Amino acid sequence: MRINKNNSLCFTGHRTEKLPKTEKELENLKKKLLLAIDRAIANGVDTFYFGACYGFDLLAAQLVLMRSKILVLDNPKHIRLIAVVPFEEQAACWSETNREIYYSTLQYCDEVIMLHTKFEKGCYHERNRYMVNRAGQMIAYYDGSSGGTGYTVQYAKQKGIKITNLY
């Protein structure tokens, strides 16, 4: 199936350590993220790429999966979720909880793209560029700090991608 970049969106955001700390703040982020996903779907987005890392990535993926299960009888849409994994053993050192969420999410993806079997220098940036190069827009949770999320947001800006930052 050929994917139209204009109908595709990618996610980028911080890991769990930089997400809101209180339950109320986290629920507010989920509501904003769900609203942004719904708006994207209403505007024709049918393919979502995520970087398959714990934190914002997996949160976004779970909400896309939840939305893809809602069937609208008068206007049904097939929503695709594509995981872009930088290397096969990515989750090996994560907490058990994060690994469980990761593997249970991957099994429901329409496609899992594995870029490398083992860690290679630059593989996270490669994953981020892969997603941005295939998307027409981005939903981010970016606090302005340096790191992978900052790199990905800057790369998307260079590519002229529409960015919605939920931070």
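A few comments on the model shown:
- Proximal lysines to K69, defined as alpha-carbon separation beneath 22 angstrom and excluding residues fewer than eight positions away on the same chain: K30, K31, K32, K77
- S146 versus K5: modelled label distance in nm, points set 7 Å from Cα along the beta carbon direction: 3.0 nm
- Residue-averaged [θ]222 nm for the chain, counting only DSSP H segments that reach four residues, each worth -39500 (n - 2.57): -12500 deg cm²/dmol
- Mean separation of Cα contacts under 8 Å (6+ apart) over length of the chain, as relative contact order %: 28 percent
- Accessible surface, per residue, of the chain when the full set of protein chains is kept, probe 1.4 Å, Å²: 55 Å²
- Protection-proxy order for peptides 133-140, 98-105, each taking the mean of Cβ atoms within 10 Å per residue, highest first: 133-140, 98-105
- Placing unit charges on the Cβ atoms only, positive for Lys and Arg and negative for Asp and Glu, gives the range 10-167 a dipole magnitude near 500 debye about its Cα centre.
- Segments 57-66, 117-126 sorted - mean Cβ within 10 Å per residue, highest first: 57-66, 117-126
- Percent carbon-and-sulfur accessible area, the chain, ignoring ligands, DNA and RNA, probe 1.4 Å: 50 percent
- Counting only aspartates and glutamates at least 8 places from K24 when in the same chain, those with an alpha carbon closer than 20 Å to its own are D57, D143.
- In this entry, the chain is assigned a mean projected area of 9.8 nm², taken as a quarter of its C-alpha convex hull surface.
- Relative contact order of the range 100-166, defined on C-alpha pairs under 8 angstrom at six or more residues apart (%): 30 percent
The values are calculated or read from the model by the stated rules, or taken from the named source; none is laboratory data. These figures come from a predicted structure and were not determined experimentally. For neighbour counting, all protein chains shown are included, and Cβ atoms are generated from backbone atoms with ideal geometry for every residue, glycine included. Protein only, heavy atoms only, side chains kept; ligands, DNA and RNA dropped before computing areas. Shrake-Rupley method; radii C 1.70, N 1.55, O 1.52, S 1.80 Å.
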